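The values are calculated or read from the model by the stated rules, or taken from the named source; none is laboratory data. This structure is a prediction, so every number in the text was calculated from the model and none was measured. In this analysis, Cβ positions are derived from the backbone assuming ideal geometry, glycine residues included, and neighbour counts consider all displayed protein chains. Side chains included, ligands, DNA and RNA excluded: accessible areas come from the protein's heavy atoms. Shrake-Rupley method; radii C 1.70, N 1.55, O 1.52, S 1.80 Å.
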Amino acid sequence: MTIENTTTGWGLIGASTIASEYMIDAIRAQAGHDVVAVMSSSLERGKAYAQKNDIEQAYDSVEDLLNDPKVQAVYISTTNELHHDQVLAAAAAGKHVLCEKPLALDIESAKRMVKACEDAGVVMATNHHLRNAATHRKIKELVDGGAIGKPLFARVFHAVYLPPHLQGWRLDKPQAGGGVILDITVHDVDVLRFIFGAEPVEAISMSQSASMAQEGLEDGAMSVLRFDNGVLAQLHDAFTVKHAGHGIEIHGESGSIIGRNVMSQQPVGEIYLRDENGEQLVDLEPEGLYVRGVASFCAALKGDGQPSCTAQDGIRSLATALAVVESCKTGAAVAVPGVGEE
Ligand code: NDP
């Protein structure tokens, strides 16, 4: 089902922070696209959110939003345990779906979501943002072009401080998919899969609940992944660290790429290439990460290519994050299940 008309109406399922901080603007940055409705479990909050964000209509049920004929695509950014049923409902209503990560809390649910969209003939994508960054795209280009020779190792530094306005369900609601692994590690996995065009096959990890997370959730984790191209990747993720800075390093046989300040929602950061000629700053053309991601989704609606992060990408990155969770519980290395192309 492709969209031919010139105006596409979007419904937001979830009156969320990520929508108001980034996604409403990213959708409205696309020619012929607008946000026309929002659904919140509280009509009062939904109406206030709609007014603040200049959205025409607020609903307090998914069904009502999906029945709105002005809505042709939905952006789902509720808490993680709700994504599954909401994607199924949107697919059944024939709406295209951009869903937040993690897609679901288990692989079978994520697969059902993807299949429902395929069966309904609607486009589905996952909103992993980092692969849209000019920095990470340049890293991929350098790796693919042989700038560092055979890639051997990656190190991801993504230990940050969870800002006070986000210190809610991530810290105390296991049933909502809280914890740093499903929040941050899953993004690291996705960007490494993107850079290497390879899949993680094994994960070993330890986590901590140092000060912020409750109810058995983790607020810090260190993981090692083995990829099917032989690369070993080390990931450090946290909600609790205020001054570490963030970045990524890719080390190959003949060179290294150093990305500083690049694990960000903003189009910021620098990339350096180090090899036998020394270190050079790499030129970049920064672009809004979410704007670029939504643009690829909108192009796919017209039958032009695939979203930058597909539904399958969402399943595969989730599969590794869940293996990391399992490894933290058991203390053992966990094989990442092959996900297939269902
Ligand atoms: P929020 O906590 O802002 O929103 C999640 C839900 O919480 C909303 O759907 C809303 O419910 C409810 N809520 C929000 N504000 C209030 C409030 N003041 N009082 C009561 N309830 C409230 O979550 P985020 O925006 O941080 O995350 C939402 C989703 O987006 C998650 O899946 C997360 O993993 C993902 N995310 C993705 C990012 C990315 O870069 N791809 C970045 C950040 C988050 P209701 O809709 O019923 O009003």
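Find the residue count for region 286-325, including only residues that are among the aliphatic types (A, V, I, L, M), out of contact with any Pro (no Cβ under 7 Å at 6 or more places or on another chain) and under 25 Å from E108 (Cα atoms). If you could, list the steps in order and put the result at the bottom.
To start, the set of residues in region 286-325 that are among the aliphatic types (A, V, I, L, M) comprises 289, 291, 294-295, 299-301, 311, 315, 318-319, 321-325.
Filter once more, keeping what is out of contact with any Pro (no Cβ under 7 Å at 6 or more places or on another chain): 291, 294-295, 299, 301, 311, 315, 322-325.
Then keep just the ones that are under 25 Å from E108 (Cα atoms); that gives 311, 315, 322-325.
Matching residues across region 286-325 total 6.
Are there strands (runs of 3 or more DSSP E) fully within region 115-217 with at least 2 residues that are open to solvent by 10 Å² or more (accessible area, probe 1.4 Å) and at negative phi? List them. Working first, answer last.
Numbers: elements: 124-126, 151-159, 200-208.
Strands (runs of 3 or more DSSP E) meeting the threshold: 151-159, 200-208.
Suppose we filter region 39-59 for residues that are within 12 Å of the ligand (Cβ to nearest atom) and crowded, with 16+ Cβ neighbours inside 10 Å; how many remain?
So the count comes out to 8.
Evaluate region 282-290: report whether one residue or more is among the charged types (D, E, K, R), open to solvent by 50 Å² or more (accessible area, probe 1.4 Å), under 30 Å from D25 (Cα atoms) and within 16 Å of the ligand (Cβ to nearest atom).
If we filter region 282-290 for residues that are among the charged types (D, E, K, R), which is where we start, we get 283, 285, 287.
Going one step further and asking which of them are open to solvent by 50 Å² or more (accessible area, probe 1.4 Å), we end up with 283, 285, 287.
From what's left, under 30 Å from D25 (Cα atoms): 283, 285, 287.
Narrowing further to those that are within 16 Å of the ligand (Cβ to nearest atom): 287.
There is at least one residue in region 282-290 that is among the charged types (D, E, K, R), open to solvent by 50 Å² or more (accessible area, probe 1.4 Å), under 30 Å from D25 (Cα atoms) and within 16 Å of the ligand (Cβ to nearest atom).
Does A299 qualify as being part of a helix (DSSP H, G or I), without any contact (Cβ under 8 Å) to a residue 12 or more places away in the chain and farther than 29 Å from A244 by Cα? Full working, then the answer.
Working: part of a helix (DSSP H, G or I): yes; without any contact (Cβ under 8 Å) to a residue 12 or more places away in the chain: yes; farther than 29 Å from A244 by Cα: yes.
In short, yes.
For region 14-25, which positions are in a helix (DSSP H, G or I), near the ligand (Cβ under 8 Å from one of its atoms) and among the hydrophobic types (A, V, I, L, M, F, W, C)?
Result: I18, A19.
Condition first: part of a helix (DSSP H, G or I), open to solvent by 20 Å² or more (accessible area, probe 1.4 Å) and either within 14 Å of the ligand (Cβ to nearest atom) or closer than 24 Å to R292 by Cβ (or both). Can you find one or more residues in region 26-38 that meet it? Even if it seems obvious, please write down each step before you answer.
Step one: of region 26-38, the residues part of a helix (DSSP H, G or I) are 26-28.
Subset that is open to solvent by 20 Å² or more (accessible area, probe 1.4 Å): 28.
Filter once more, keeping what is either within 14 Å of the ligand (Cβ to nearest atom) or closer than 24 Å to R292 by Cβ (or both): 28.
Taking every residue of region 26-38 in turn, at least one turns out to be part of a helix (DSSP H, G or I), open to solvent by 20 Å² or more (accessible area, probe 1.4 Å) and either within 14 Å of the ligand (Cβ to nearest atom) or closer than 24 Å to R292 by Cβ (or both).
Test each condition in (1) among the aliphatic types (A, V, I, L, M); (2) open to solvent by less than 10 Å² (accessible area, probe 1.4 Å); (3) free of Cβ contacts under 8 Å to residues at least 40 places away in the same chain for A221 and report the one that comes out false.
Of everything listed in (1) among the aliphatic types (A, V, I, L, M); (2) open to solvent by less than 10 Å² (accessible area, probe 1.4 Å); (3) free of Cβ contacts under 8 Å to residues at least 40 places away in the same chain, A221 misses just condition (3).
I'd like to verify a number: residues in region 64-81 that are buried (at least 19 other Cβ atoms within 10 Å of the Cβ), within 19 Å of the chain's Cα centre (by Cα) and of a type outside the set (S, T, N, Q), how many?
4
For residues that are more than 13 Å from the ligand (Cβ to nearest atom) and charged (D, E, K, R), scanning just region 86-113, find the one that is surrounded by the fewest Cβ atoms within 10 Å (Cβ to Cβ).
E108
Somewhere in region 189-209, is a residue under 21 Å from V336 (Cα atoms), at pLDDT 95 or above and touching a His at 6+ places or on another chain (Cβ under 6 Å)? Before the answer, list the steps.
Looking only at region 189-209, we keep the residues that are under 21 Å from V336 (Cα atoms), and these are 189-207.
With at pLDDT 95 or above added as a condition, the list becomes 189-207.
Going one step further and asking which of them are touching a His at 6+ places or on another chain (Cβ under 6 Å), we end up with 190-191.
Looking for residues that are under 21 Å from V336 (Cα atoms), at pLDDT 95 or above and touching a His at 6+ places or on another chain (Cβ under 6 Å), one finds at least one in region 189-209, hence yes.
So D172 fits all but one of (1) touching a helix residue (DSSP H, G or I) at 6+ places or on another chain (Cβ under 9 Å); (2) within 16 Å of the ligand (Cβ to nearest atom); what number is the exception?
Tallying (1) touching a helix residue (DSSP H, G or I) at 6+ places or on another chain (Cβ under 9 Å); (2) within 16 Å of the ligand (Cβ to nearest atom), D172 fails exactly one: (1).
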